[in-house]
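S.K.: Got a structure here, written out as structure tokens. Questions coming.
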Amino acid sequence: LLPGDPPQVKGWEFVAYWMPARQVAGDYYDFVASNDQKVGVVVADVSDKGMPAALFMALTRSIVRASMDQAVSPAEGITRANRLICADSTSSMFVTLFYAQVNAQDNQLVYVNAGHNPPLFFQCRPNATPSLTRLGRTGMALGVVSDNIYKQFSLKFASGDFLVLYTDGVTDALDAQGNEFGLERLERLVMDTCSASAADMMAAIEKAIKEFVGNAAIFDDITILVVKCL
């Protein structure tokens, strides 16, 4: 169910990385392209692991895609998806999800954060000091309260700006001594590579996680997605 090649959009770069803790996973990412120069980007994480989480995630993916197809805005689409997921959820499972709609014509990004870890928006513009903004929640996780209304916010990208989306399998990754990889470590790593391509940044993140974990077992699914404005 994961997408194959990332979308090819002039002026933008998309790179994703996915590592399941078991044979199947509750994490997923997706690209939802339209014919008006807009691309939907999704990263999500089900509250469980293994086969039950994977099945719930397959349901979520289908519902989100269908809900966004005719939605007038990301907030409306995610609000509709939440109602449908609540109607189908019988096992008390829920899913945190971040949905962003990239408009390649005006470099605007509109997002909804449904209870997910805050993605990192890095402004790395030429001749300016890099800055970081955490994109906080605009509503609760999907599958909890059926009548929850989600808000959306927008960002303006400029050349060199990055958006890094991730699941908590990244920040909660443990080394052999039980130390967490942590959000601050991820932020420093991205800041140190902010002048690189999205592919090189992703390679640096992947390498850092593997070196940090070492021989310790990965206990949670890991998903990372990088979006860069060229």
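The values are calculated or read from the model by the stated rules, or taken from the named source; none is laboratory data. None of the values given here were measured: they were computed from a predicted structure. Glycine gets a Cβ as well: all are built from the backbone with ideal geometry, and neighbour counts include every protein chain shown. Just the protein is used for accessible areas: all its heavy atoms, side chains included, with ligands, DNA and RNA removed. Shrake-Rupley method; radii C 1.70, N 1.55, O 1.52, S 1.80 Å.
S.K.: In Å and whole numbers, how far do the C-alpha atoms of the chain stretch along each principal axis, longest first?
M.R.: Sorted largest first, the three principal extents are 48, 46, 29 Å.
S.K.: Calculated from DSSP H runs of 4 or more alone, at -39500 (n - 2.57) each and per residue, what is the 222 nm mean residue ellipticity of the chain, nearest 500?
M.R.: Taking each H run of at least 4 residues, the total per residue is -9000 deg cm²/dmol.
S.K.: To check my understanding: the extent here is largest minus smallest coordinate of the Cα atoms along each principal axis. What are those three numbers for segment 92-141, in Å, largest first?
M.R.: Principal extents (Cα only, largest first): 50, 24, 12 Å.
S.K.: Can you work out D for segment 142-214 in µm² s⁻¹ from Stokes-Einstein, where Rh is the Kirkwood radius over C-alpha pairs, the temperature is 10 °C and the viscosity is 1.306 mPa s? Write down the numbers at each step before the final one.
M.R.: On the way: Rh = 14.6 Å.
It diffuses with D of about 109 µm²/s by this estimate.
S.K.: For the chain, give the percent of accessible area contributed by carbon and sulfur heavy atoms, probe 1.4 Å, rounded to a whole number.
M.R.: Taking all protein chains in place, the chain shows 49 percent carbon and sulfur surface.
S.K.: Here's a follow-up. Just Pro126, Pro74, Pro118 to compare: in a GNM of the chain, with alpha carbon springs under 10 Å, which one fluctuates most?
M.R.: Pro126
S.K.: Still on this structure: Give me the percent of Cα-Cα pairs in segment 9-73 that sit more than 21 Å apart, rounded to a whole number.
M.R.: On the way: 706 of 2080 pairs.
In whole percent, the share of Cα-Cα pairs in segment 9-73 beyond 21 Å is 34.
S.K.: Report the charge-dipole magnitude of segment 1-82 in Debye, nearest 20, computed about the Cα centre from +1 at each Lys and Arg Cβ and -1 at each Asp and Glu Cβ. Mind dumping the intermediate values first?
M.R.: Numbers: 7 positive and 9 negative charges, 22 e Å.
That gives a dipole near 100 debye.
S.K.: One-quarter of the Cα convex hull surface for segment 41-160, in nm²?
M.R.: Working: hull surface 31.5 nm².
Averaging across all directions leaves 7.9 nm² for the Cα convex hull.
S.K.: Now for a different question. Once ligands and nucleic acids are excluded and a 1.4 Å probe is used, how much of Asp69 is accessible, expressed in Å² to the nearest 10?
M.R.: 110
S.K.: Test of understanding: in a Gaussian network model of the chain with alpha carbons linked when under 10 Å, which of Gly77, Gly143, Gly214 would top the mean-square fluctuation ranking?
M.R.: Its mean-square fluctuation being the largest, the pick is Gly214.
S.K.: Moving to a separate point now. Could you pull out the trypsin sites (Lys or Arg not before Pro) across segment 22-105 that fall in loop regions by DSSP (anything but H, G, I, E, B) with no more than 13 other Cβ atoms inside 10 Å?
M.R.: Loop-located and lightly packed - none at all.
S.K.: Averaged per residue, what accessible area in Å² does the chain show with a 1.4 Å probe, protein chains only?
M.R.: Values: 10500 Å² over 230 residues.
So the chain comes to 46 Å² accessible per residue, rounded to a whole number.
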